[in-house]
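Here's the structure, in structure tokens; my notes come after.
The values are calculated or read from the model by the stated rules, or taken from the named source; none is laboratory data. This structure is a prediction, so every number in the text was calculated from the model and none was measured. Neighbour counts run over all protein chains shown; Cβ positions are idealised from the backbone, glycine included. Keep in mind that these areas ignore ligands, DNA and RNA; they rest on the heavy atoms of the full protein, side chains included. Shrake-Rupley method; radii C 1.70, N 1.55, O 1.52, S 1.80 Å.
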Amino acid sequence: MTRRTFILPAASAAAFAAVLAVAGPAAAHVEVSASDPRALAKNVTLTFTSEAESDTSGIAKLQIVLPKGIAPDAVSLAKAPAGWKLTPSEGGYTVGGKALAIGTDAVYSITVTQLPDAKSLAFKTIETYGDGSVDRWIELPSGGAEPENPAPVLALKPAAPGATASSAAPTPTPSASVPTTEPSTSTTERAAEKAAEKDDDGNGTTVAIVAAAVVIAAGLTLWWFRRNRGTGSA
């Protein structure tokens, strides 16, 4: 077996390895869990974990769009990274502070006065890193297909027997920060669109790199087989 026999397959393998290295971070996402995941449950603690996927900067801010039935004034911060604070916003809230260390997941908890009567709750989340890059976990399942950037969704069990919505529960009031109805596209999401363009451009570059690496790997492999078949090498 000639020395040439080892070189080209190795180059092909390296190209595929590059594909995996570039595509790997896409697995990051946001998860949510509840201390009492039942419809109409009161004083429930929700814990969110936002996975860090940047190799150059840590998570600094999270913007959350609350699902229908939970008003911003029904939410309070229970636990968060040191120095992070919660600020209500139109249709949701922002929690953040000093950027976390690179590779550190952002874990925080909120207390909700009462969960709505629903089967599931989606918390669209926009992550902002210390360098200004943005990840948007805001997509919901459609047509049975798994979204590429899924929003964290909390599945709820049926309400306890006799449970009712509390008349004392905070409700949205007509103001600039708390809308009386849930918009189809929240102001929080729209405000992050321009900031996310930088991240979207980066994603487009990533796709191009992956596609190029696949083409190069396939070409090298085909050339190697043809070359060895023509020379009779084993």
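Observations
- Using bins of 5 Å that start at zero, the share of Cα-Cα pairs per bin across the range 19-118 amounts to 3, 12, 21, 23, 17, 11, 8, 4, 2, 0, in whole %.
- Extension gain (nm, one decimal) between Ala155 and Thr47, 0.36 nm per residue minus Cα-Cα: 37.5 nm
- For the range 65-128, the mean projected area of the C-alpha convex hull, equal to one quarter of the hull surface, is 4.7 nm².
- Taking only the C-alpha atoms of the range 46-90, the Rg (one decimal) and the largest Cα-Cα distance, Dmax (whole number), read 12.4, 37 Å.
- Percentage relative contact order, the range 28-73, counting C-alpha pairs under 8 Å, at least six apart: 32 percent
- For Leu66, residues with placed amide H under 5 Å, excluding near neighbours: Gly92, Tyr93
- The candidates Leu66, Leu100, arranged from most to least accessible area with a 1.4 Å probe in the full protein assembly, appear as Leu100, Leu66.
- Given R0 = 45 Å, the distance between the Cβ atoms of Thr87 and Lys119 translates into a calculated FRET efficiency of 0.95.
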